[in-house]
């Protein structure tokens, strides 16, 4: 059996060898099917005189793959690479130009497809964005927690027991003590026991965030924005904004569950993990941590409301995190969940 292409002899015997092997193994029936012109009548097949008239469009690529490394050259220029391409699956519109059939999709089909893609994207993209933001939040929160914890550990190594630190009034003095100066206590702590042990990008000193153009959420207890409260402000090298203040603890309650003896007992670190960028929302980019100088314990903020032991349960923190007043405990909820933001976390 000897084949030619458009009356041009192939200069190498490889092509004939390949075709003969295919023919002997009954593969020509599959590769070079005689119904490659389904649009034509049976009478029209009489006009097909050469087997290569039905060679599929990718035969040139097939021959290239079997070509050896010798200097012989297989001329595939005569192969009818686009003579009769098969009709594409799914296409409903076929145009014929210069005896060539070309498959295409109608405008309606394209618009329907784009509409489906748009609906799927609208349903999935918000979820993907939220998941990404949660992962970023967890990573930055854990990193910041580690930085502050290590700084306090190094400070204790150098300065000894925290109950001996020179922060007058913070280890149990009643807040009504007339000799107590909040600014002095916070500044002494920040400059002596914290800043020397961290990498600081900017030290703003004792100031309010509002003076720096930061607009923060409200602190319900004082009925004013937390950005209006003066704290000691530091921007860390990882772009985390740290506000150092004082926290209180109630030592006595009356019969109506009102505190009758409140004292400054710990240092509060409230951090904005993306600095001055939005959204400035507690539980999303603002989180609270605390360092109890009397008990020498650094942990995520776990303030409880009222004289109740139930405040230490996950259910309590989950409910508290969902409110404006208790959102400062959202970091505690994440910590209790093993540094995870679970499905029921109020991601607002």
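Kindly indicate whether any position in segment 248-266 is under 18 Å from residue 285 (Cβ atoms) and either at pLDDT 95 or above or crowded, with 19+ Cβ neighbours inside 10 Å (or both).
No.
Mind listing whichever residues of segment 274-298 are free of Cβ contacts under 8 Å to residues at least 60 places away in the same chain and over 24 Å from residue 151 (Cα atoms)?
277, 278, 279
Surrounded by 19 or more Cβ atoms within 10 Å (Cβ to Cβ), modelled with pLDDT of 90 or more and touching a helix residue (DSSP H, G or I) at 6+ places or on another chain (Cβ under 6 Å), is that true of residue 300?
yes
The values are calculated or read from the model by the stated rules, or taken from the named source; none is laboratory data. Only a predicted model underlies this, so the values are computations on that prediction, with no experimental measurement involved. All Cβ positions, glycine included, derive from the backbone under ideal geometry; neighbour counts span all protein chains shown.
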